[in-house]
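Below is one structure, written out as structure tokens, with a few remarks after it.
The values are calculated or read from the model by the stated rules, or taken from the named source; none is laboratory data. Quick caveat, the model's predicted, so the values are computed rather than measured. Ideal geometry is used to build each Cβ from the backbone, glycine not excepted, and the neighbour counts take in all protein chains shown.
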Amino acid sequence: MKITDARVIVSAPGRNYVTLVVETDDGLVGYGDATLNGRELAVASYLSDHVVPLLIGRDAHRIEDTWQYLYRGAYWRRGPVTMTAIAAVDVALWDIKGKAAGLPVYQLLGGAARDGVMVYGHASGGDLDGLDADVERHLAQGYKAIRVQSAIPGLDATYGIAGASPVYEPASGARPQEDRWETSAYLDFAPRLFEHVRDRFGYGVHLLHDMHHRLSPIEAARVGAALEPYRPFWIEDPTPAEDQSAFRLIRQHTTTPLAVGEVFNSIWDAQQLITERLIDYIRTSVSHTGGITHLRRVFSLAELYGVRSGSHGAGDLSPVSLAAALHVDLSIPNFGIQEYMGHLAAAEEVFTVGYSFRDGYMHPGDLPGIGVSFDEEAAKRFPYDPKYLPVNRRLDGSVHDW
Ligand code: KDG
Ligand code: MG
């Protein structure tokens, strides 16, 4: 089965998505997600200019060979642009293989290892009362696990607060929005946030929290220890993620479970974290970590060391990526949890999905392949809308991790 055509469509149904469409001489079409928030056109060019010409004429069934060819064959390795591009090709080929076999991709990955995939939703508030209302909304929808974020008193703009939009979207504007950060304000506030939510809702729901790379190792250690009585499911990205050794210090001081990985793009980014058991959950995403083929490799390494999966699933991953993640989640032995933010209504005009949510669990569905279709004509109604992720500055004006 030969690849006859591949093209990249950049559209903005509610937000920007980069979608790869791959066609074969058997008449099958596969879809991959190549979205890299705020840097969309870099991946679109990598694919259109450098990868698509290599795909034409290749055997669509040879997924591993194509992965190796694009990864090793480029000589230049890793990096979010390269690995997001490879991911889009990989997922499109798994989609085609599933369609050729008449089976959902999770069946090709060994079949269901569980009945459903526990997901966590995002609750946030401009203050703790606002957060309460959002937690209540999620509980009413059946969520068993909820990420809790609140604006921090004294700081104007804080990561993770949805505002009026039903789906949190940090990217905006023709220039990056500038947020303000002061670590001491956060260190005092985080335990109060957890105390408040546990007092109000008890211990029957899993609570998660994202620190978004802002703390030093010893600051993260202090918050992790302070949060122990409130039993977080995890604290996410406590420190800038490039420094794997930082987690050793955090680990020495707290039993609060640690999660990291949404900005990783290769197994090498997590090698030390996994093999030294410095984390509890690896959050690599299917779209930024080389697709299903490489994500499974990361999770298999993690399985050996008792580390569980917790895949990134923000709204900037298109429905194609969310579906691909669900197929992996359903089939691996060391699944932990899946992030689920959902997508804006406009995305439903372009993507038709086979996955479902019920009572806190998701299932990828049983359509052949990945189970998401993409309407290229509808996508034309939503032209690309360039946006940037915010930049973070400390109160003294210096740039801080966002
Ligand atoms: O594009 C950046 C977002 O994906 C990220 O800020 C979301 O941290 C995030 C999360 O955990 O969903
Ligand atoms: Mg995060």
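Here are a few things to note about the model shown:
- Residue within the stretch 207-217 that is at negative phi, of a type outside the set (Asp, Glu) and away from ligand 2 (no atom under 16 Å from the Cβ) present: yes
- All helices (runs of 4 or more DSSP H) inside the stretch 154-253 with 3 or more residues being in contact (Cβ under 8 Å) with a residue 12 or more places away in the chain and more than 18 Å from ASP127 (Cβ to Cβ): 217-227, 246-253
- Annotation note: Cβ proximity below 6 Å between a residue of the stretch 93-106 that is among the charged types (D, E, K, R) and a residue that is surrounded by 21 or more Cβ atoms within 10 Å (Cβ to Cβ) (sequence gap 6+ or interchain) occurs for ASP95/GLY30; ASP95/TYR31; ASP95/GLY369; ASP95/ILE370; LYS99/GLY369.
- Evaluation of ILE267 against the conditions (1) closer than 23 Å to GLY160 by Cβ; (2) of a type outside the set (Gly, Ala, Ser); (3) under 17 Å from the mean Cα position of the chain (by Cα) shows that the sole unmet condition is (1).
- Among the conditions (1) surrounded by fewer than 24 Cβ atoms within 10 Å (Cβ to Cβ); (2) within 21 Å of TRP234 (Cα to Cα), the only one that ARG296 does not satisfy is (2).
- Flag if ILE146 is in a loop (DSSP other than H, G, I, E, B) and surrounded by 19 or more Cβ atoms within 10 Å (Cβ to Cβ): no
Residues checked against (1) within 16 Å of ligand 2 (Cβ to nearest atom); (2) on the phi > 0 side of the Ramachandran plot; (3) hydroxyl-bearing (Ser, Thr, Tyr):
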position	(1), (2), (3)
LEU322	yes, no, no
GLN338	yes, no, no
THR352	no, no, yes
TYR361	no, no, yes
LEU367	no, no, no
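- At least 2 residues being in the same structural domain as TYR143 (by TED's automatic domain parsing) is the threshold, and among the strands (runs of 3 or more DSSP E) wholly inside the stretch 317-402 those reaching it are 351-353, 356-358, 361-363.
- Test result for GLY313, more than 15 Å from ligand 1 (Cβ to nearest atom), assigned to a loop (DSSP other than H, G, I, E, B) and more than 19 Å from ALA112 (Cα to Cα): no
- The requirement of being among the basic types (Lys, Arg), farther than 23 Å from LEU41 by Cβ, surrounded by fewer than 20 Cβ atoms within 10 Å (Cβ to Cβ) and outside the structural domain of GLY315 (by TED's automatic domain parsing) is satisfied by ARG58.
- Within the stretch 271-294, if we keep just the residues that are within 16 Å of ligand 1 (Cβ to nearest atom) and among the hydrophobic types (A, V, I, L, M, F, W, C), the residue that is farthest from ARG251 (Cα to Cα) turns out to be VAL286.
- Inspection of the stretch 231-251 identifies no residue that is within 16 Å of ligand 1 (Cβ to nearest atom), aliphatic (A, V, I, L, M), more than 18 Å from the chain's Cα centre (by Cα) and more than 14 Å from GLY310 (Cα to Cα).
- The single residue among SER373, SER321, SER356, SER331 that is without any contact (Cβ under 8 Å) to a residue 24 or more places away in the chain and among the hydroxyl-bearing types (Ser, Thr, Tyr) turns out to be SER356.
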